[in-house]
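Scroll down for the structure; my scribbles are underneath it.
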Amino acid sequence: MKYKVSIGLETHVQLKTRSKIWCGCPNRFGQPANTDICPVCLGYPGALPSLNREAVRLTVVTGLMLGSTINRRSKFDRKSYFYPDMPKNYQISQYDEPFCTGGHLNINVNGGSKRVEITRIHLEEDVGKSIHFEQSSGVDFNRAGTPLMEIVSEPELESPDEAFAYLTALKQVLLYGDISEGNLEEGNIRCDINCSLRPMDSDVLGSKIEIKNMNTFRGVHRSLVYEIKRQIGILDNGGVIQQETRRWDDDSGLTSIMRTKEHAHDYRYFPEPDLMPIVLTSEEIDAMRSAIPELPADRRNRFAVEYGLPEYDAGILTSDRDLADFYEAAAKISGNYKAVSNWIMTDMLHYLSEEGIGIDKIKITPEALAELVDLVVQNTINMPAAKKIFRILLESGGKPTAIMEDKGLAQISDSDSIDVFVEEALSSHPSSVADYRSGKKAALQFLVGQVMRLSKGKANPRAAMESLKRRLDSGDPGN
Amino acid sequence: MRSLNALPVHELNQLLQNGECSSVDIVSDVISAIERVDDRIGAYLDYDGEHALKEARASDERRSNGCQLPLLGIPVGLKDVLNVRGMACGCASRILEGYTSPYDAYVVTRLREAGAVILGRLNMDEFAMGSTNENSAYKPTRNPWNQDYVPGGSSGGSAAAVSACEAVAALGSDTGGSIRQPASFCGCVGLKPTYGRVSRRGLTAFASSLDQVGPVVRDVRDAALLLEVIAGHDRFDSTSLNIPLSSYRDTLTGDISGMKLGIPKEYFIDGMDPDVKKTVQDAIDKCAELGAELVDVELPHTEYAVAVYYIIATAEASANLARFDGVRYGARVDGRDPLDMYGKTRAGYLGDEVKRRIILGTYVLSSGYYDEYYIRAQKARTLIRNDFENAFGTCDALIAPVTPTTSFRFGEKGDDPLQMYLGDIFTVPVNLAGICGISVPCGMSGSGLPIGLQIIGPAFKEERILRAAHAYEQATDWHNQKPEIARTAGMS
């Protein structure tokens, strides 16, 4: 039987704030265990939360980027359950009045675009981290109190590929908005999956299986491939899927049962009495709206139209906000949009992936790239020289003109200087001259190459070819 | 001359200023009082006399250098629910055994800034749950007026210490009457400020939407003085409001002529102790004599207050006390797995009343019961709040008893918690409405136990109830009465 797959994702995003959500402890990764802690994030007796407004702003900005309705009034609630990594044994979260409601995210699948509806976006606190030793366990509370934004999608994703594309697109938006570091290795983006199958002709969603605590996009894809296969196996054999929560084991590539519906938690949500409801004025929301950047999809379209770039170039250049900013700055200075794009798309991206670094670590400036493009257009340097200069710019920075002068890479275009090399090439290779004159026109390319060699690559190849042709065609052998 | 430990703080300030006594003298008198009587009263869980004397000496030194602060060199006792850096804070519970606080509560910071000497931790009902101090995990506190009787609770240690002259001033906390009721039972003055007037930071939470810290003291002037010190906006407590403070002592004019005092008929119920009824009625007449205008008011939803209170307070408590799990601090009983550890730790180290309330609170928040209990209670809470708002439309403050009875014997209420909870009927509505109330001594029962008068004011109108309470107090002598044991404590 054929089934329709419905996947929804609850994505948890650690926000890029300087301090934690309820206290002044730094929000950072990689410190020694239990050093970024205080009575508040440890849930000591009498400690009270005090809301970090920047976390609210980042949540609202995310909602604005995803087209959510920003709720004028929202509040926090306590979600109760006992777990050693949870300092208060309740998590301060948002139950029925989140900051953002609705919204959507456009994803790219199979060359097409699909709109995925967002249910809600709310803000909560991250918990600590359990560490298991051989004989005992410990908890590191450095992460406890990190602002955590949860983005809930509608169950509209229909395949592991779509789930992957959704997460990729979401991450891009989060990086564009400077919402999160977006570092998966550091657990900045984690998600819970729900997945259900139903016969093609059914309108009713099947029983929901939840898979908890996924921390790689690839893991999400793999676990879904496995889970869908598993569920099809059960359904095809006449079995029934029971609502349950499962965990994914990345090593074995299997999901296993964590708890059944009967053992589902009763979280006993109730309004958090330690925090007042948050009321956002339209002025505040407008101020946040004015600060949101252009979204990747919009920018891609604009690049194609405004700079006349192919869709492919526009897509790659806008895949990363810093890269797009770099392109746009260089293109604006240069005016030669396609040439700037070519340099970035080929040599620069190749260099970045070779070095394994991000655009933020690169030495070349947009001004330098624009200048380099200009030198090529003006015929001041030829392409091989330009490539040499570009490499130096990537590795050490600097000004193209200065590097050109320093390394003597200026192109030789004046006919007197070119003619000296041309004559030497003709006299050294009489057989090639003869070949050309006997109709083997390919010999010309060889002779151009000789001129370039003799000029140490500095000769303008076009000028060299013209000089050669003039002499060969006029019958003047030059000797 | 009376010993220093029997004087109100404002008189001690006068003596200190005139050089007639030193802070060391005061602290020494208080310590010797504790040594003489506390084995019979049980007000203190712990105190560090040596440290207090050291601080007293430093205070005297500062004073000699010209330093002037509202509580410079005055020893203050703290209910065991307040965090003091480097000190235990046990909430009279065994589950916090071994816990040392790493930080000062906001009110403790304010006390220190005012020059106060932190003296010790005062006994209470475990996690402030109770009305008798019988629920302390360590020892009961006894009523200084008659040691067969309870001191009230949950700030019973604070009230008993002040009453027995083992402290000159103390802080307590009031969630449903826990300052006013023991103050009434022990013959002290107890003030519950408006919700949001005093920061709750560092006050171990019982019910977050109801808790307030307040003074337990000898007279109304001291209540005004201590409120001036501890009140104010704390930006790290988002329920603390940024509303300007009054100079409360300046409002104590003794004049209440023309003040409209409302008498809520629901606060004079059948089955009330006749001594209480008559004494409070006499106090009301006294206020009329002083020029106050009496008006009858209605608070029609009063009958729901106790039920509403025990739903909301326990719901919040069930979450607030979830943190006592043995993982990060306090007592721990190891188990097979975390769940087993929580169960064993909490079963072994929390008292019966605390468990009862956690279970009740967990129940009212459970799926399927939430709407029926918690949501309905919140709606009723709004009605109770509206009752007060309506009443304050026709009067400036309300005048009423604090409790339906005077103190009672240990064990007298048996093990019927409902019977005990009903004693809160006149105090819990004030917490539910988030307004302020004060208890002042207004007489003695036939069996020689103090009776308190409650004056209730609108939100952030502490100056009004302080002025009324002060005028009444100054026209009577009840606040000067001392229990017999105070003589042993060094009052002669």
**OP:** Name every residue in region B:301-323 that is in contact with a Lys or Arg (Cβ under 7 Å, 6 or more places away or on another chain), within 14 Å of chain A (Cβ to nearest Cβ) and under 20 Å from residue B:130 (Cα atoms), in order of residue number.
**Re:** B:312, B:314, B:317, B:319, B:322
**OP:** Considering every residue within region A:121-130, establish whether at least one is more than 30 Å from residue B:326 (Cβ to Cβ) and either within 14 Å of chain B (Cβ to nearest Cβ) or touching a residue at least 24 places away in the same chain (Cβ under 8 Å) (or both).
**Re:** yes
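Pick from region B:102-126 the residues that are surrounded by 24 or more Cβ atoms within 10 Å (Cβ to Cβ) and within 14 Å of chain A (Cβ to nearest Cβ): which of them is nearest to the chain's Cα centre (by Cα)?
Narrowing region B:102-126 to residues surrounded by 24 or more Cβ atoms within 10 Å (Cβ to Cβ): B:105-108, B:111, B:116-117, B:119-126.
Still in the list and also within 14 Å of chain A (Cβ to nearest Cβ): B:105-108, B:121, B:124, B:126.
Working: B:105: 16, B:106: 17, B:107: 14, B:108: 16, B:121: 14, B:124: 10, B:126: 14 Å.
Among residues in region B:102-126 that are surrounded by 24 or more Cβ atoms within 10 Å (Cβ to Cβ) and within 14 Å of chain A (Cβ to nearest Cβ), the one nearest to the chain's Cα centre (by Cα) is B:124.
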Original post:
How do the pairs read when you match residues in region A:356-368 that are in the same structural domain as residue A:391 (by TED's automatic domain parsing) with residues anywhere that are part of a loop (DSSP other than H, G, I, E, B), using Cβ under 6 Å and keeping only pairs 6 or more apart or on different chains?
Top reply: A:363/A:397
**OP:** Check every one of the strands (runs of 3 or more DSSP E) wholly within region B:71-180 and list those with 1 or more residues that are modelled with pLDDT of 95 or more, in contact with a helix residue (DSSP H, G or I) (Cβ under 9 Å, 6 or more places away or on another chain) and over 26 Å from residue B:3 (Cβ atoms).
**Re:** B:170-174
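Among the residues in region A:173-182, are any closer than 30 Å to residue A:232 by Cα and either crowded, with 19+ Cβ neighbours inside 10 Å or under 19 Å from the mean Cα position of the chain (by Cα) (or both)? Before you say what the answer is, go through the steps one by one.
Filtering region A:173-182 down to residues closer than 30 Å to residue A:232 by Cα leaves none.
No.
Let's see how each residue does on (1) over 20 Å from residue B:432 (Cβ atoms); (2) buried (at least 20 other Cβ atoms within 10 Å of the Cβ):
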position	(1), (2)
B:329	yes, yes
B:368	yes, no
B:371	no, no
B:379	no, no
B:382	no, no
**OP:** Being outside the structural domain of residue A:351 (by TED's automatic domain parsing) and in contact with a Phe, Trp or Tyr (Cβ under 8 Å, 6 or more places away or on another chain) narrows it down to one of A:394, A:447, A:426, A:468, so name that one.
**Re:** A:447
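Among the listed residues A:29, A:76, which satisfies the condition of being more than 24 Å from the chain's Cα centre (by Cα) and either modelled with pLDDT of 95 or more or surrounded by fewer than 23 Cβ atoms within 10 Å (Cβ to Cβ) (or both)? Quick ask: steps written out before the conclusion?
Numbers: A:29 fails: more than 24 Å from the chain's Cα centre (by Cα).
Sole residue among the options that is more than 24 Å from the chain's Cα centre (by Cα) and either modelled with pLDDT of 95 or more or surrounded by fewer than 23 Cβ atoms within 10 Å (Cβ to Cβ) (or both): A:76.
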**OP:** Take region A:27-47 and flag every residue that is more than 8 Å from every other protein chain (Cβ to nearest Cβ) and closer than 16 Å to residue A:129 by Cβ.
**Re:** A:27, A:28, A:29, A:30, A:31, A:32, A:33, A:34, A:35, A:36, A:37, A:41
Original post:
of a type in the set (S, T, N, Q) and under 16 Å from residue A:253 (Cβ atoms), is that true of residue A:223?
Top reply: yes
**OP:** Considering each residue of region A:48-81, count those that are among the small types (Gly, Ala, Ser), more than 14 Å from chain B (Cβ to nearest Cβ) and assigned to a loop (DSSP other than H, G, I, E, B), and give that number.
**Re:** 2
Subject >> Residues of region B:334-361 that turn out to be within 11 Å of chain A (Cβ to nearest Cβ), free of Cβ contacts under 8 Å to residues at least 40 places away in the same chain and either within 17 Å of residue B:97 (Cβ to Cβ) or in contact with a Ser or Thr (Cβ under 7 Å, 6 or more places away or on another chain) (or both), as a count >> reply: 3
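The values are calculated or read from the model by the stated rules, or taken from the named source; none is laboratory data. Every value quoted in this text rests on a predicted model; they were computed, and no experiment measured them. When we count neighbours, we look across all protein chains shown, and the Cβ atoms used for this are built from the backbone with ideal geometry, even at glycine.
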